[in-house]
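Worksheet for the structure shown next.
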Amino acid sequence: MSRADEIFIANCRQILDHGYWDTELEVRPKWEDGTPAHTVKSFGIVNRYNLQEEFPILTIRRTFLRSCVDELLWIWQKKSNNIHDLHSHVWDEWADENGSIGKAYGYQMGIKHQYREGMFDQVDRVLFDLKHNPASRRIMTNIYNFQDLHEMALYPCAYSMTFNVSGNTLNAILHQRSQDMLAANNWNVTQYATLVHMFAQVSGLQAGELVHVIADAHIYDRHIPIVEKILTNPQYAAPKFTLDPTITDFYAFDRGSVKLENYQYTDLTEEIPMAV
């Protein structure tokens, strides 16, 4: 079975069986009919994925890897905050009439900052350090920019990556303030596992471990029947993940640069209601 399946099942069972319900609190998210979208949650979940052993994609439900990568590159490569630069519709509900999500996500990645070595945005600074200063303990990004929060359609959920090189191995920690386990958990895991693989390849390194730290890991009330069903689905071995080996420039990757071989999964037939 996929290690990602094991971790996801354990996380969801922890939340469903021992989590805290926020039904007595006033909550921001609402369902389409205006009903408050309450959750059951666990605090401080930490998951570790060894990318040298397998690619952490679920088999108990399908994760659309190329759509995940498309959004990842929208943020990290295009550094865009406009949904017209994105092929999927995952951000449509947060965009304004011009397609903008405000000063969020890719916008923050594209802001240039002054360093001793010159002007870099956050992505280019990471790429520079991985090649020229791999011993650094300061290789990180953070898009939770407090001065711009009031101009963001949605505060960043996955907001910080910390990279660390040990020998020829690239490891990383993804920090996430909030995680919708059904809609977004494996979406984010596969995205940032792919990012580690990409950064490693263009830096002459091997992908190592991805550590995922989630402050508030939750399941929405209307998602519980879907989650319970998914947890009983058949489990398969993890597929083989490959990147186009000819690419040595991060900005040359596209959503077609990733490939999964022998990906077995169970399709999710239910439509996931979204709380906004």
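Points worth noting:
- Distances between placed amide hydrogens fall under 5 Å for residue 139 paired with 163, all partners being 5 or more residues away or on another chain.
- A Förster distance of 22 Å, applied to the separation of the beta-carbon atoms of residue 121 and residue 254, puts the FRET efficiency at 0.65.
- Segment residue 150..residue 18, full-extension length gain: 44.1 nm, with 0.36 nm per residue of separation and the alpha-carbon distance subtracted.
- Largest GNM mean-square fluctuation among 185, 11, 262, using the chain with Cα springs under 10 Å: 262.
- Karplus-based coupling profile of the range 123-136, in residue order and whole Hz: 5, 5, 5, 4, 4, 4, 5, 4, 8, 10, 8, x, 7, 4, with θ = phi - 60° in 6.51 cos²θ - 1.76 cosθ + 1.60 and x standing for Gly or Pro.
- With helices as the sole contributors, the chain gives -8000 deg cm²/dmol at 222 nm; each DSSP H run of n ≥ 4 counts as -39500 (n - 2.57), and the sum is divided by every residue.
- Residue among 100, 67, 136 with the largest mean-square fluctuation in a Gaussian network model of the chain, springs linking Cα atoms under 10 Å: 136
- Integer Hz, Karplus 6.51/-1.76/1.60 couplings in order for the range 37-51, x for Gly and Pro: 9, 8, 9, 10, 9, 10, 9, x, 7, 10, 10, 10, 10, 8, 6
- In the complete set of protein chains, residue-level accessible area for residue 119 is approximately 100 Å², probe 1.4 angstrom.
- Whole-percent carbon and sulfur share, accessible surface of the chain, 1.4 Å: 48 percent
- Förster radius 30 Å - calculated FRET efficiency between residue 261 and residue 184 (Cβ-Cβ, nearest 0.05): 0.75
- Angstrom value of the Kirkwood radius, inverse mean 1/r, which spans all Cα pairs in the range 1-109: 17.0 Å
- For residue 150, the solvent-accessible surface computed with a 1.4 Å probe is close to 140 Å², ligands and nucleic acids excluded.
- Among 54, 93, 26, the residue with the largest mean-square fluctuation in a Gaussian network model of the chain, with springs joining Cα atoms closer than 10 Å, is 26.
- 216, 148, ranked by accessible area, largest first (probe 1.4 Å): 216, 148
- Here the range 166-240 is assigned +1 on the Cβ of each Lys and Arg and -1 on the Cβ of each Asp and Glu. Its dipole about the Cα centre then comes out at about 160 debye.
- Alpha-carbon geometry of the range 123-276: the Rg and the Dmax are 17.6, 50 Å, given in that order.
- Across the range 234-240, computed HN-Hα scalar couplings (Karplus, 6.51 cos²θ - 1.76 cosθ + 1.60, θ = phi - 60°) run x, 10, 10, 5, 5, x, 8 Hz from first to last residue, x flagging Gly and Pro.
- A simple spin-label model places pseudo-atoms 7 Å from Cα toward Cβ; at residue 92 and residue 27 they are separated by 2.4 nm.
- Per residue accessible area of the chain, 1.4 Å probe, in Å²: 48 Å²
The values are calculated or read from the model by the stated rules, or taken from the named source; none is laboratory data. Bear in mind the structure is a predicted one, so any value in this text is a computation, not a measurement. Don't worry about glycine lacking a Cβ; one is built from the backbone with ideal geometry, like all the others, and counts go over all protein chains shown. To get the accessible areas, we keep the full protein, side chains included, count just its heavy atoms, and leave off ligands, DNA and RNA. Shrake-Rupley method; radii C 1.70, N 1.55, O 1.52, S 1.80 Å.
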